[in-house]
1. Given the conditions (1) surrounded by fewer than 22 Cβ atoms within 10 Å (Cβ to Cβ); (2) more than 16 Å from the ligand (Cβ to nearest atom), which single one is not true for Glu307?
2. Regarding Leu119, is this residue on the phi < 0 side of the Ramachandran plot and away from the ligand (no atom under 16 Å from the Cβ)?
3. Please go through segment 182-209 and pick out each residue that is exposed (fewer than 15 other Cβ atoms within 10 Å of the Cβ) and within 21 Å of the chain's Cα centre (by Cα).
4. Which one is nearest to the ligand (Cβ to nearest atom), of the residues in segment 92-106 that are surrounded by fewer than 23 Cβ atoms within 10 Å (Cβ to Cβ) and among the hydroxyl-bearing types (Ser, Thr, Tyr)?
5. Of all the residues that make up segment 5-47, how many are surrounded by fewer than 19 Cβ atoms within 10 Å (Cβ to Cβ), away from the ligand (no atom under 16 Å from the Cβ) and closer than 24 Å to Arg121 by Cα?
6. Considering segment 263-304 alone, what residues qualify as being on the phi < 0 side of the Ramachandran plot, basic (Lys, Arg) and away from the ligand (no atom under 15 Å from the Cβ)?
7. Does Ala223 meet the test of being buried (at least 16 other Cβ atoms within 10 Å of the Cβ), of a type in the set (Gly, Ala, Ser) and modelled with pLDDT of 95 or more?
8. Looking only at segment 324-366, how many residues end up being away from the ligand (no atom under 16 Å from the Cβ), within 20 Å of Arg252 (Cα to Cα) and within 20 Å of the chain's Cα centre (by Cα)?
Amino acid sequence: MNLVVVSNRVARANTNEPMTGGLAAALLPVVENSGAIWVGSSGRVRDGFQKEPLAEIEALGAGALAMLDLPAAHYGGYYEGFANSALWPALHSRSDLIRVTEGDYLSYREVNAFMARALLRFNKREAAFWVQDYHFLALGAELRELGVTAPVGFFLHTPWPAPCVIEGVPQHRELIEAMLGYDLIGFQTEADRDNFLGYVKTNLELAVHDDSVMSQYGRTRAAVFPIGIDAEKFSQQAAKATTHPDVLRLRRSLNGERLAIGVDRLDYSKGLVNRIRAFDRMWTANSHLARTVSLLQIATPSRGGIEAYCQLQNDVARLITDVNGRHGEVDWTPIRYLNKGFGQAVLAGLYRTAQVGVVTPLHDGMNLVAKEYVAAQNPSDPGVLVLSKFAGAANELDAALLVNPHDIDGMARALATALAMPLSERRMRHETMMERLRSHSIQQWFADFVEALRDSHSERTEASPRAAESPTLRPVRSLHSAARFH
Ligand code: G6P
């Protein structure tokens, strides 16, 4: 199988540059080893209609990285518009933040169609396509319309919400019909898959048997593949990172004080405001923790052109100033707040330095920071993970202290519990979580999905031989096709 992995954001090899978001960081080592071609956005745009989209290709391990300049006229509507102002809030059940225009949707479909055309050059013998994340929900259908009969799979890194929430995106029906162009759709959790299949049954009125659904494209299977990390490698990286200058400086600055750490993209799904309120409450309710415990909050700016993100940046900065102003002392800053990204190697060392890892999103597909924090700990004196029960990771890491991120008092109590936890309990919880991480590695995740894609594709073509010969049974893009602009 010649695997082609597709995502909006890609990562370059041999770099310890900060990487924005879990997807690119997680995929880099596995794609590198697999020999796959990884296709994504170059981060640049190009004017005019491109018949043969230009791809800048460079080596990536045993495979290659192909980066495309996306069409300038549609990039804003696609990325800041439909993907991140309509789909992202809907997928994270923030219906109140959905902002959508018909123009943004058309741009989103244009970029999906553009990517499909660009992928044709890789549609050779034994090719299989694996599309990542919500930027390309319609890419499977676009490939089918271009006559691609190869296996095409999709994995969603975010949650999938209840049917009534996704209905907040006006084009929900057309989009989800287009998703049925995929042979296999992977979700992080069973709840996500069930929400998706619930929509398919109720709204599309299609029968679901054994998590598979038959549509005009043939059979599509929906299954659960919780993404993992390379826990051994991360542990080693963390042990080594203790000599990194940033980590040494942090350690020296602590002066015996204990540390809690939060590392997030600056995103409203991450629950930053509630987390800071919980620390505020903790210091108020436990005077002995003032001066002896501080929070290092790293919040990497992201999607800064979108109003909801600007608003969040202001809200978080104002709140931290307020909390530091009230609890701080001339020689003590309760919250150290950094608005920048760090490379994986440094992060590993920062996690290992902190006695508490705070991962409290309001809603999150998986959250690999939770897994990395656990893997980074010194097994003989591990820190404690305080984890939101609404992160996908909570299904696996139930030996963490699970919290409700809306319950500020509950979170404040959990933080105090974490700081007081005896060594024997910390070790037991850590070992339980490490076992899970070791047995569900990112390598296993990758291999499981690719194998399931191969199986789903064979079942699909057996169940519906026409799907293999003539994939375009009926175009689903009625609205889109009519209004398509070149
Ligand atoms: C999340 C998404 C990824 C995305 C990342 C960073 O993890 O699931 O698809 O790449 O955020 O977001 P950005 O918009 O900066 O690529």
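The values are calculated or read from the model by the stated rules, or taken from the named source; none is laboratory data. Please read all numbers here as calculations on a predicted model, not as lab measurements. Glycine gets a Cβ as well: all are built from the backbone with ideal geometry, and neighbour counts include every protein chain shown.
1. (2)
2. yes
3. Within segment 182-209, Glu190 is the sole residue that qualifies.
4. Ser93
5. Summing the residues that are surrounded by fewer than 19 Cβ atoms within 10 Å (Cβ to Cβ), away from the ligand (no atom under 16 Å from the Cβ) and closer than 24 Å to Arg121 by Cα in segment 5-47 gives 5.
6. If the condition is that a residue be on the phi < 0 side of the Ramachandran plot, basic (Lys, Arg) and away from the ligand (no atom under 15 Å from the Cβ), then Arg275, Arg277, Arg281 are the ones that fit.
7. Taking the combined requirement at face value, the residue satisfies it.
8. Our first condition is that a residue be away from the ligand (no atom under 16 Å from the Cβ); within segment 324-366, this holds for 324-338, 345-346, 348-358, 360.
Imposing the further condition that a residue be within 20 Å of Arg252 (Cα to Cα) reduces the set to 328-338, 345-346, 348-357.
With the extra rule that they be within 20 Å of the chain's Cα centre (by Cα), the set shrinks to 345, 348, 351, 357.
The total comes to 4.
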